[in-house]
């Protein structure tokens, strides 16, 4: 029995395992000693297994990070994890080449200048991607928000990992790099609530009945359909201007995106009411003195 067990062990070690080792050692063998390069089937299999394992680990990490996110936000992380996968694959290839005996230091040194240049070129891209990640995680910007960036107002209709798209008031698509939302001052009209306070300013001639002016402005604001009844509109006597008494009517609306059209309609009505009540809207006047010098 003991002799039989030894024979089986010898067959397994020498014949079967020996054949497997010979098969795994098949490949390219260059040089001898420390400078030898051995690129074998076993090494390639190890590389394949490492890539498959890395792929499953990245998939698990992606699920762990995005499990509480909405489906739309999850899809935005696809490109990031693809990029990370490529980096992991590249590292696995370098490690495999190092194990095979290839001096990867020369490869890395030769590529250093290329990596530096590539990093500088992709600097803005990485800033945009980081901005997109922050926007998705902290919900500082959402679809439907009305924002003002660099004096341009738009309603957000799409948030991607690198850019955010908004439609402007004149129906033009505004493409905003995401880094602007973390580095620049951005006004979000609807982040905390959907209503905003707006105003229309007007000047009337000196000597006008200020109480009547106030009453007309309040009536116009109250009758305007897009203006909220609560909070109530109100009028402020802003200042004594150079050539006019300055007033402003303040109101609240839940349609900030159409704000210019609302204000335009109100100005039409204010102008008509002022004409009906003989209230003038002055224009700046200047006295020009011409002095003729005697020669």
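The values are calculated or read from the model by the stated rules, or taken from the named source; none is laboratory data. A quick note: this is a predicted structure, and the numbers were derived from the prediction, not measured. Cβ placement follows ideal geometry from the backbone for every residue including glycine, while neighbour counts extend to all protein chains displayed.
For the reader, a short list of remarks on this structure follows.
- Candidates 191, 123 - the one that is farther than 30 Å from residue 269 by Cβ, surrounded by fewer than 18 Cβ atoms within 10 Å (Cβ to Cβ), touching a residue at least 12 places away in the same chain (Cβ under 8 Å) and more than 8 Å from the chain's Cα centre (by Cα): 191
This table checks each residue for (1) assigned by TED's automatic domain parsing to the domain that holds residue 148; (2) part of a loop (DSSP other than H, G, I, E, B); (3) in contact (Cβ under 8 Å) with a residue 24 or more places away in the chain.
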site	(1), (2), (3)
228	no, yes, yes
251	no, no, yes
257	no, no, yes
265	no, no, yes
291	no, yes, no
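- Whichever residue in region 221-237 is surrounded by 13 or more Cβ atoms within 10 Å (Cβ to Cβ) and in contact with a strand residue (DSSP E or B) (Cβ under 7 Å, 6 or more places away or on another chain) and, among such residues, is farthest from residue 280 (Cα to Cα): 228
- Region 238-254 - residue that is in contact with a helix residue (DSSP H, G or I) (Cβ under 7 Å, 6 or more places away or on another chain) and closer than 17 Å to residue 209 by Cβ and, of those, surrounded by the fewest Cβ atoms within 10 Å (Cβ to Cβ): 245
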